[in-house]
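This report concerns only the one structure given below.
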Amino acid sequence: MVRLCHAFIGLLMLIDSAVLAEESGLLLAAHSASQFTIVRPAAASPSQVYAAEELQRFAKQMTGAELPIITDDQALPAKAILLGVTRHTETVLGEPLDLSKLGDDGLRIVTRAPHLLIIGSPVRGTLYGVYELLEKYGGCRWYAKHHHVVPKLDSWMIPQLDEIQVPAFPMREPFWWGMFDGDFAARCKVNGHRPELHERHGGKIRFGAGLFVHTFYPLMPPSEFFAEHPEYYSARNGKRTTEHAQLCLTNPDVVRIVTERVLARIRQDPQAKLFSVSQNDWGGWCQCPNCREIDQREGSPSGTMIHFVNQVAEAVEKEFPDVWIETLAYQYTRHPPKTLKPRHNVVPRLCTIECDFSAPLNVSTYEQNRKFVEDIEGWSAITDKLYVWDYTTNFGHYLCPHPNFGCLQGNVQFFRDNHVVGLFEQGAYQAPHAEFAELRAWILAKLLWNADQDVERLYQDFFRGYYGPAAQPIRQYFDELQALVKPDEHVLQIWYPPTSPYYTDAFFDRAARLWAEAEAMVKDDPALSYNVRMSALPVIYARLERWPATTLALEDRDGVLTPVGIAPEYAALAREFLDRIAEGGITYISESHVRHTEYLANLRKRLEDGPPTAQSPAVGQRRADRLIVEDRMMSLGRQGEWGKRVSDDQAEDGSAIKLFNTHYEWCLQWHVNPTVFEPDTEYKLRVRVRVVKTEREGNAFWAGIYDAARKKGWGQIQPNTSAVQEGYQWYDVATWTPQADQYLWIGPGPFTKGVGQSAVEAVYVDRFELTRGNDK
């Protein structure tokens, strides 16, 4: 009897609340009860069935009330939430339905008391409408794959509304590890190629049959054709070649074969929207007379590209009128042609890889940004369909602070305003917990849906929901970090290390204190504590990378400061880093897994070295007459791609850094630590290097000193292979005065890319030596 009385009282309270709510909106649930029924079409799509289940599931979690689900072949309930286009929808709405402007993803949420309508296509629009209702009007938040917030509500009131939303981009892809989870991606209204979006999520807009990017050789493998038909491939310097080359785009047989093979791929996968017909990932375009004539007329090699792809696309349209053919406007093809225009079913893709990300592209004064803006505006003038591959992380250092948030919204708006239909925001896609990974993925998903949102409100929302009580110190750190790159002269590119000039030790000392404060605030909440500890990793990583003299304490051995055991403070920091990496399941600290494994292996090896001896002076307690910089003290850019650390019996300490012959970057560096040098005193730099030569003659390596603050260099020696002897040799570089913001550098010798090749097989670097004055 008591239970019955309580139930009756609850029902009366619900009725009273509903009467009071009639004027202000709809009361969907109160006191763990609801008068509403979810109605979906009897012939609902899988995503509409799932939409009803998701609404029922989260409504119960929020309010305790379980809303029943029925199909529209039943009578209209007294109070209904109508999903999609049911047989009741138009009658309840009181007006003709027009879904044409909503497309596959757009949504409309409208109240028609006593009913609520969530109108959208059976593809994804209905499902997205449910998520919008739950998020905007219910308070649900899905911040990350592993972290969401579902509020507990005594009552759930929906205001009177009629809201239409259409996404800023038809194809939306924040390419971040956590966003690959299908449920999380759908809840963030992401529909791109990579996430695991199934039928219940409405599928996705995807590339078909393996034709994603750089498809020339997959479509026409040189191993299949070159021997009998070298004319199918690039003419370079009067000779047909396939080495770092492309296809001959004016050869009619090439047009025919590529068209036939693209059509065959589409027939294998007719549900896909995009198929890529695009250049290989290097230069080497064809310079035969026919190709050169078009390129010269059009002012860019994009001329032959569009001429070629248009022919393929025209044939595709006859059989598959809804398919888009994607191609690249990338590197040598990025500048648009003068007169040729892409067909309406051709989607050129531009890439921002050369750009500065400290400010929006169309605001930045950086030269590469200005060129990119000119190019995309040129393409936008000749097509209404562009695809952009944008870069939103630090690929050399996923865990490095990367203050690019100031450019995100501006860039998204700029892309939208220039006819971009698909936006691919590449981030740290191989493992969780890169620098502010969860925040970036979530913010980008929001902006790709609505580029004009109040970003500050989004920040406040995320920091509060993802970090809880620790939000304030983390937000303080975040704001100070973004401010570092606000001056125009501060460039932020996608490989910059934490030793970049705008970072200071004082900044990271303050950052460490803020993160320690944040960790203390949530130490008793396992979920929030995990979020904070993983998000603090970039500061730990940066401090390890910036450690004075890199990692090693120095010992005075007969007047020479020589690296010995690691500093105890460094050891504690390294152990903490390794523990958190293991806890978070972080398997990539950069895009190169080789660099990841070698970095962790080197870190563990340094820990095995143990602390310095009691007699070893701390760094800075004495000034160097002579300093040895071992290879393990140096910073190697793009480890695994530009070089790697190796065992070498010929090296003084049994190890060296091997630099590959695929590039001539200043990839190996040691940042000057002024505390170990006598102030205002000149030192002589020499390097111990072993060169493995080829039969070609050319530059063996180059080395020098650069002052990033003063934009000045010293040395830059560049010995020719003819002057290089076998085995390790010492090479004098320069005499100069060591100061802060300087670094020593070395790289393989320059060569002409795309025409010649490196004159070396490899360059091995053993150590640097710095001696006071000109004494040897």
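Of all DSSP beta bridges confined to the chain, the antiparallel ones make up roughly 70%. Note that the range 652-776 carries a Kirkwood radius of 15.1 Å, evaluated over its alpha carbons pair by pair. For the pair ALA78 and VAL594 in one chain, pulling the backbone fully straight at 0.36 nm per residue adds 179.5 nm over the alpha carbon distance. Normalised by the number of residues in the range 389-514, the mean separation of alpha-carbon contacts (under 8 Å, six or more apart) gives a relative contact order of 38 percent. Each label point was placed 7 Å from the Cα along the Cα-to-Cβ direction; for GLU576 and ASP525 their separation is 2.1 nm. Taking label points 7 Å from Cα along the Cα-to-Cβ direction, ALA708 and LEU99 give a separation of 5.4 nm. Measuring r between the beta carbons of ILE353 and HIS490 and using R0 = 22 Å, the FRET efficiency lands at 0.70. Extension gain, ARG457 to ASP162, is 103.9 nm, computed as 0.36 nm per intervening residue step minus the present C-alpha separation.
Heavy-atom accessible area, probed at 1.4 angstrom with all protein chains present, ranks THR365, THR392 as THR365, THR392, highest first.
Here's the picture: a label point sits 7 Å out from the Cα of ALA740 along the beta-carbon direction, and within the range 696-723 the residues with their amide nitrogen under 20 Å of it are 706-713.
Judged by the mean number of other Cβ atoms found within 10 Å, the most tightly packed of the peptides 645-651, 27-33, 661-667 leads the ranking 27-33, 661-667, 645-651. Across the protein chains, with a 1.4 Å probe defining accessible surface, the residues TRP282, TRP156 rank TRP282, TRP156 from largest area downward. Heavy-atom accessible area, probed at 1.4 angstrom with all protein chains present, ranks THR597, THR333 as THR597, THR333, highest first. Across the range 142-149, rounded Karplus estimates of 3J(HN,Hα) from the backbone phi angles (6.51 cos²θ - 1.76 cosθ + 1.60, θ = phi - 60°) give 10, 7, 7, 3, 9, 9, 9, 10 Hz, Gly and Pro being marked x.
Summarising the amide proton neighbourhood of LEU361: residues at separation of 5 or more, or on other chains, whose placed amide H is nearer than 5 Å comprise ASN411. Each label point was placed 7 Å from the Cα along the Cα-to-Cβ direction; for GLU569 and ASP154 their separation is 5.3 nm. Could you state the angle between the C-alpha long axis of helix 471-483 and the longest principal axis of the C-alpha atoms of the chain, as a value from 0 to 90 degrees rounded to the nearest 10? So the inclination is approximately 50 degrees.
Relative to the longest principal axis of the Cα atoms of the chain, the long axis of helix 526-535 lies at roughly 40 degrees.
Highest mean packing first, where packing is the average number of other Cβ atoms within 10 Å per residue, the peptides 413-420, 112-119, 524-531 line up as 112-119, 413-420, 524-531. Measuring against 31 Å, Cα to Cα, the residue pairs LYS101/LYS273; LYS239/LYS712; LYS152/LYS189; LYS152/LYS486; LYS318/LYS338 contain LYS239/LYS712; LYS152/LYS486 as the ones spanning a longer distance.
For ILE69, the solvent-accessible surface computed with a 1.4 Å probe is close to 60 Å², ligands and nucleic acids excluded. Once backbone amide H atoms are built at 1.01 Å from N, VAL346 has ILE325 as its partners under 5 Å, excluding neighbours fewer than 5 places away on the same chain. The C-alpha atoms of the chain define a longest principal axis, and helix 437-449 lies at about 50 degrees to it. The relative contact order of the range 174-263, computed from alpha carbon pairs under 8 Å that lie at least 6 residues apart in sequence, is 16 percent. For ARG112, the residues whose amide H sits under 5 Å from its own are LEU117, ignoring neighbours fewer than 5 places away on the same chain, with H placed 1.01 Å from N. Share of carbon and sulfur in the accessible area of the range 681-754 stands at 41%, probe radius 1.4 Å. Averaging the sequence gap over all C-alpha pairs within less than 8 Å and six or more residues apart, then dividing by the number of residues, gives the chain a relative contact order of 8 percent. In this structure LEU514 has an accessible area near 20 Å², from a 1.4 Å probe over the protein heavy atoms.
FRET efficiency for the pair GLN61 and THR111, taken as 1/(1 + (r/R0)^6) with r the Cβ-Cβ distance and R0 = 35 Å, rounds to 0.95. Kirkwood radius, the range 158-197, all distinct C-alpha pairs, inverse of mean reciprocal distance: 11.3 Å.
Computed over the alpha carbons of the chain, Rg followed by Dmax gives 30.6, 102 Å.
Between the alpha-carbon centres of the range 285-349 and the range 33-105 there is a gap of 46 Å.
The values are calculated or read from the model by the stated rules, or taken from the named source; none is laboratory data. Keep in mind that what you see is a predicted model, and the values were worked out from it rather than measured. Note that each Cβ is placed from the backbone with ideal geometry, even for glycine, and that neighbours are counted across all protein chains shown. Protein only, heavy atoms only, side chains kept; ligands, DNA and RNA dropped before computing areas. Shrake-Rupley method; radii C 1.70, N 1.55, O 1.52, S 1.80 Å.
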